[in-house]
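J.: Mind having a look at this structure? Questions to follow.
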Amino acid sequence: QRALASRAYGIGDPLATAAAESGLDANILIVEDRPGAAERMATALLQHHRITVETNPIAAMQLAAETEFDLALISLDLDGHDGLRLCSQLRSLDRTRGMPLIMIAEAHDRARITRGLDFGVHDYLMRPLDRNELLARTRTQVRRKRYSDVLRGAMQASLQMAVTDGLTGLHNRRYLDSHLGALFAEEGVRGRALATLILDIDRFKSINDTFGHEAGDEVLRAFADRVRQHTRPIDIVARYGGEEIVVILPDTGLTEARAIAERIRERIEATPFPVLRQTRALTVTVSIGVAVRGAHDGSPGDMLRRADEGLYEAKATGRNRVVA
Ligand code: GH3
Ligand code: MG
Ligand code: MG
Ligand code: MG
């Protein structure tokens, strides 16, 4: 589905295909308390869809919040309850907002139908129900739902792509820039420490020059994986430049940050990196600059700059070391 979603973005065809195939097997909720009507609808729709019938709007609300339905058909007159209120609640809840709704109404319901359409109910059916009309309107809404699911998936995929580095799967610099400011402010307000590591592979250019750019890419990917393995889920790990990775460590002071950096440095050096078409794995080393947020730092840029100075010093004093 993800592949379909990313291909579909900006291209018409896969969307059309998804829509054409969507007529069958939707998950449909019918909220109706007249047994005859509920049964007739269920019988007509069961040929193509999975059907759940519920008579009570409160139970229906709960069910809709728990299960993903592709469509709900809702009677406006449920014994003692206003079906329109159920529609309105379903439209306002995050979890159910994307579910299409069809009202089942009587001729005297004109005013309520209009109100429903006004707040986003998609369609309605008049009693006495016509079987073919029921099938047609249902099909239309199910297709619309499938189409918008595909679009939403494509949108999420492209948003994800915009903040992800394609080679390593790490966050990219754009992600770092847009999240670091808020994190910096938040940790400051809470009076917590914040640390930064900047890691740069030593003599990476010679890996490219000796073994080729593809081997370089392979090392870079494995390097990124190892760094990620040695950090926590709450840390931000981002590819900052060519072969530089920045790690932001929330709630972490200098001593701990230096220890984490030293551990990563050791792990990189200790285990050589296998490379395609090379019988011997390559020993790779990394230099790391460490900085913590200072009392007078106005922005995360100040902290990053000090980490970068640490990195520069690590390079100047022999590489394969951590400088805080
Ligand atoms: P130093 O120890 O001083 O860091 O030496 P270095 O060779 O690692 O440093 P430099 O910054 O001069 O070179 C980095 C190299 O990284 C240059 C560039 O060709 C290479 N590089 C940048 N991005 C990529 C990439 O995505 N893939 C590959 N294979 N190489 C890359
Ligand atoms: Mg460099
Ligand atoms: Mg380098
Ligand atoms: Mg570099």
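J.: For Ser287, Ser92, which order do you get if you count the other beta carbons within 10 Å of each Cβ and list the fewest first? Intermediate results must be reported in sequence, preceding the final value.
T.: On the way: Ser287 25, Ser92 11.
Least to most surrounded, the residues fall as Ser92, Ser287.
J.: Among residues other than Ala259 whose Cβ falls under 15 Å from its Cβ, what is the net charge (Lys/Arg +1, Asp/Glu -1)?
T.: +1
J.: Let me have the relative contact order for the chain, percent, based on Cα pairs under 8 Å that are six or more residues apart. All intermediate terms of the calculation are to be shown ahead of the outcome.
T.: Working: 514 pairs, mean separation 45.3, N = 324.
Reported as a whole number, the value is 14 percent.
J.: Would the chain count as rounded, prolate or oblate if I go by the C-alpha gyration tensor, calling it rounded below 1.5 in a/c and otherwise prolate when a/b exceeds b/c, oblate otherwise?
T.: It is prolate, given that a/c is not under 1.5 and a/b is the larger ratio.
J.: Test of the criteria: in region 208-296, which trypsin sites (Lys or Arg not before Pro) are in a DSSP loop and have at most 13 other Cβ atoms within 10 angstrom of their Cβ?
T.: Sites meeting the loop and neighbour criteria: Arg277, Arg280.
J.: Roughly how many nanometres apart are two label points built 7 Å out from the Cα toward the Cβ at Arg174 and Ala107?
T.: Label at Arg174, label at Ala107, 5.8 nm between them.
J.: Related question: Just rank Tyr312, Tyr240, fewest to most, by other beta-carbon atoms within 10 angstrom.
T.: Tyr312, Tyr240
J.: Could you go through region 96-107 in sequence order and give the Karplus-derived ³J(HN,Hα) for each residue, using 6.51 cos²θ - 1.76 cosθ + 1.60 with θ = phi - 60°, rounded to whole Hz, and x for Gly and Pro?
T.: In residue order, the calculated couplings are 10, 4, x, 7, x, 10, 10, 7, 10, 10, 10, 3 Hz.
J.: Taking Rh as the Kirkwood radius computed over C-alpha pairs, what is the Stokes-Einstein D of region 144-243 at 20 °C in a medium of viscosity 1.002 mPa s, expressed in µm² per second?
T.: 134 µm²/s
J.: Here is a follow-up. Helix-only estimate, please: 222 nm mean residue ellipticity of the chain, summing -39500 (n - 2.57) across DSSP H runs of length 4 or more and dividing by its residues, to the nearest 500.
T.: -16000 deg cm²/dmol
J.: What is the distance in Å between the Cα centroid of region 173-190 and that of region 211-252?
T.: So the separation of the two Cα centres works out to 19 Å.
Bear in mind that the values in this text are calculations on the coordinates, not laboratory data. Every value quoted in this text rests on a predicted model; they were computed, and no experiment measured them. As a convention, Cβ positions derive from the backbone with ideal geometry for all residues, glycine included, and neighbour counts pool all protein chains shown.
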